[in-house]
1. May I ask for the net charge around L321, where only other residues with Cβ less than 10 Å from the Cβ of L321 are counted and Lys, Arg are +1 while Asp, Glu are -1?
2. Would you mind computing, in nm to one decimal, how far apart the modelled labels at K221 and R110 are, each placed 7 Å from Cα along Cα→Cβ?
3. Whole-Hz ³J(HN,Hα) for each residue in the range 43-54, computed from phi via Karplus 6.51 cos²θ - 1.76 cosθ + 1.60 with θ = phi - 60°, x for glycine and proline: what do you get?
4. In square nanometres and to one decimal, what's the mean projected area of the convex hull around the Cα atoms of the range 14-140?
5. If you count only protein heavy atoms with a 1.4 Å probe, what accessible area per residue comes out for the range 19-146, rounded to a whole Å²?
6. For the range 254-271, take each phi angle, set θ = phi - 60°, evaluate the Karplus expression 6.51 cos²θ - 1.76 cosθ + 1.60, and give the result in whole Hz per residue in order, putting x for glycine and proline.
7. With N residues in the range 188-265, what two-decimal value do you get for its Cα radius of gyration over 2.2 N^0.38 Å?
8. Tell me which chymotrypsin sites (Phe, Trp or Tyr not before Pro) from the range 28-108 have a DSSP coil assignment and no more than 13 other beta carbons within 10 Å of their own.
Amino acid sequence: LACCCGTAGCSLCCGCCPKIRQSRSTRFMYALYFILVVLLCCVMMSKTVANEMKEHIPFYEDICKGIKAGDTCEKLVGYSAVYRVCFGMACFFFIFCLLTLKINSSKGCRAHIHNGFWFFKLLLLGAMCSGAFFIPDQETFLNAWRYVGAVGGFIFIGIQLILLVEFAHKWNKNWTAGTASNKLWYAALALVTLIMYSVATGGLILMAVFYTQKDGCLENKILLGLNGGLCLLISIVAISPWVQNRQPHSGLLQSGLISCYVTYLTFSALSSKPVEVVLDEHGKNVTICVPDFGQDLYRDENLVTGLGTTLLFVCILYSCLTSTTRSSSDALQGRYAAPELEFSLHELVLTLSFTDTEEQQNVKEGPRVIYDEKRGTVYSYSYFHFVFFLASLYVMMTVTSWFNYESANIETFFSGSWSIFWVKMASCWMCVLLYLGTLVAPLCCPSRQFSV
């Protein structure tokens with residue numbers, strides 16, 4: 001009863017479960033809801049599952065006709081079904097985003113709704129996902145919702161890129177602050193920077209070896225040369241005297257991290273590119289512009305699809321959870337905390353003492369739950385739901401292969417498509433532009449004070 005109707009569900013956990021903070025348990029429950037809907041979307045996009053259900057479920061066609069889902073339940077599978085289900089999930093998180101606006105205390109009525117009533121929220125989520133199938137004029141709805149999903153998906157990508165750039169600046173600032181007390185931090189900075197540039201350079205060289213050939217593959221050669229030139233450009237700009245005068249903390253550590261990420265996105269884009277097949281002199285089909293070992297990569301389609309899909313959505317979920325912390329929310333609004341190494345010892349002792357005392361008191365009240373939001377919320381509730389709203393749109397577009405939706409299915413998701421290829425390349429260039437913007441903006445607007 002407490003789990004379904006209140007916020008005390010976690011206190012009913014068995015004694016073998018580890019202690020958990022209330023804020024983390026809440027985010028875990030919303031993440032669990034997100035995972036359930038994502039799994040449902042993967043099932044809807046799987047031809048294998050649809051065929052197995054048709055063969056093994058008795059009276060399958062009669063059931064489909066009875067629920068008015070078509071002769072073979074075609075309305076419950078494919079990209080249109082995923083659009084409807086993700087519409088319900090996106091509406092669910094958007095409603096809670098509006099409901100939790102400007103909540104600073106966990107003691108109010110709205111905060112209790114956010115932190116509890118899990119059974120009723122599960123029913124609400126299921127009702128919204130199911131209700132989307134009864135929206136009138138489905139063709140107009142799907143066409144309009146497709147563009148909304150594309151915009152939301154790109155905003156989600158943009159948030160991740162902004163946070164990556166912010167992390168690069170914060171990392172360099174923290175380690176540079178450490179050099180004031182210990183000169184070994186200079187050696188750490190130099191070592192990490194060298195490693196990142198070695199990885200970026202090695203990755204570009206390996207892609208040039210395996211994804212290009214002496215004759216042909218002109219597009220791959222151009223893209224590798226362009227992205228390698230962009231990495232060189234941001235490195236030169238980062239250490240240029242004009243940037244150094246305005247931003248003394250700018251250096252090769254940030255540009256090295258961005259270069260590594262650009263290399264990763266380039267590899268991911270080339271791996272997602274549709275396979276090119278040409279005829280050789282004997283009239284046989286030959287695959288070009290891909291590694292030789294990549295031609296047999298998709299022999300076991302079920303294994304590759306399962307592992308690839310799992311890794312993809314684990315990365316999406318990790319991005320959601322790391323993007324919803326208080327520091328991430330502040331960074332997106334232009335508020336940056338002081339470097340962690342400048343945190344005073346006196347403040348650290350007081351914080352640890354208070355935390356130990358508070359946790360001892362909280363454990364008495366709930367055996368396995370630490371109520372860490374008594375003094376105030378530790379993360380922004382509305383921003384948390386907004387990120388999951390955008391993640392719902394990103395998942396919808398990713399599962400349906402973005403603009404290649406009509407022929408999309410989960411079994412061929414990793415065989416490549418032009419839509420996914422260009423989305424990843426656009427993300428690569430957007431990351432470079434964002435980082436260059438943080439370097440050039442203080443030069444263009446000298447009267448403004450920038451935080452990075």
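The values are calculated or read from the model by the stated rules, or taken from the named source; none is laboratory data. Treat the numbers as computed from the prediction; the structure is a model and nothing was measured. When we count neighbours, we look across all protein chains shown, and the Cβ atoms used for this are built from the backbone with ideal geometry, even at glycine. Please note that ligands, DNA and RNA were not included when accessible areas were found on the heavy atoms of the full protein model with its side chains. Shrake-Rupley method; radii C 1.70, N 1.55, O 1.52, S 1.80 Å.
1. Details: positive: R24, R27; negative: none.
So the environment of L321 carries a net charge of +2.
2. 5.9
3. Along the range 43-54, the couplings run 5, 5, 8, 9, 5, 4, 5, 4, 5, 5, 5, 5 Hz.
4. Values: hull surface 44.5 nm².
That works out to 11.1 nm².
5. 54
6. So the Karplus estimates, Gly and Pro as x, are 5, 5, x, 5, 5, 5, 4, 5, 4, 4, 4, 5, 5, 4, 4, 5, 5, 5 Hz.
7. Numbers: Rg = 14.2 Å, N = 78, 2.2 N^0.38 = 11.5 Å.
That works out to 1.24 for the range 188-265.
8. Values: sites: F28, Y30, Y33, F34, F59, Y60, Y79, Y83, F87, F92, F93, F94, F96; in loops: F59.
Loop-located and lightly packed - F59.
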